[in-house]
Amino acid sequence: MSFLSVTLSQLRDVAIASPADGDTALAAQLQAELSEFLAFAAQPARADSWCRLNPRSWWRLYGERFVLRNPICLRLFSFPASAAGGERSFKRLHQVHTTRSSRLSP
């Protein structure tokens with residue numbers, strides 16, 4: 001199955017079947033929690049908090065009711081969005097550690 005030809009319903013099914021790994025009770029819990037999450041997110045009062053908070057803050061505030069997904073989402077949204085911090089560190093290290101600055105003579 002090509003990733004480009006996958007529909008949202010197929011992705012939903014894979015997102016439920018993959019963590020369940022054949023356990024029908026867990027798959028039913030995941031499906032129920034997903035339905036509850038979608039109903040919770042569709043409330044008009046929640047639309048404002050979706051826009052103002054970053055995803056990790058949202059899951060820390062509202063995620064405790066989604067027992068199965070909360071730990072996964074908190075960990076997922078803890079990853080930095082880019083590697084810019086590491087790139088800046090390597091650039092600074094390269095400025096300090098050059099052949100010119102590591103000579104013993106002036």
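The values are calculated or read from the model by the stated rules, or taken from the named source; none is laboratory data. Because the structure is predicted, anything quoted here is derived from the model rather than measured. Neighbour counts are summed over all protein chains in view; Cβ atoms, including those assigned to glycine, are modelled from backbone coordinates with ideal geometry.
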Return a yes/no flag: does the stretch 16-28 have any residue that is of a type in the set (Val, Ile, Thr) and surrounded by 14 or more Cβ atoms within 10 Å (Cβ to Cβ).
yes
In a helix (DSSP H, G or I), modelled with pLDDT under 80 and either within 17 Å of residue 19 (Cβ to Cβ) or within 18 Å of the chain's Cα centre (by Cα) (or both): is that true of residue 58 in this structure?
no
Please work out if residue 89 is in a helix (DSSP H, G or I), modelled with pLDDT under 85 and of a type outside the set (Phe, Trp, Tyr).
yes
Positions within the stretch 1-15 being part of a helix (DSSP H, G or I) and either of a type in the set (A, V, I, L, M, F, W, C) or at pLDDT below 80 (or both), in sequence order:
3, 4, 5, 8, 11, 14, 15
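Can you confirm whether residue 88 is exposed (fewer than 10 other Cβ atoms within 10 Å of the Cβ), among the basic types (Lys, Arg) and not assigned by TED's automatic domain parsing to the domain that holds residue 15?
No, not satisfied.
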Could you tell me whether the stretch 64-86 includes any residue that is at pLDDT 75 or above, basic (Lys, Arg), closer than 24 Å to residue 8 by Cα and in a loop (DSSP other than H, G, I, E, B)?
yes
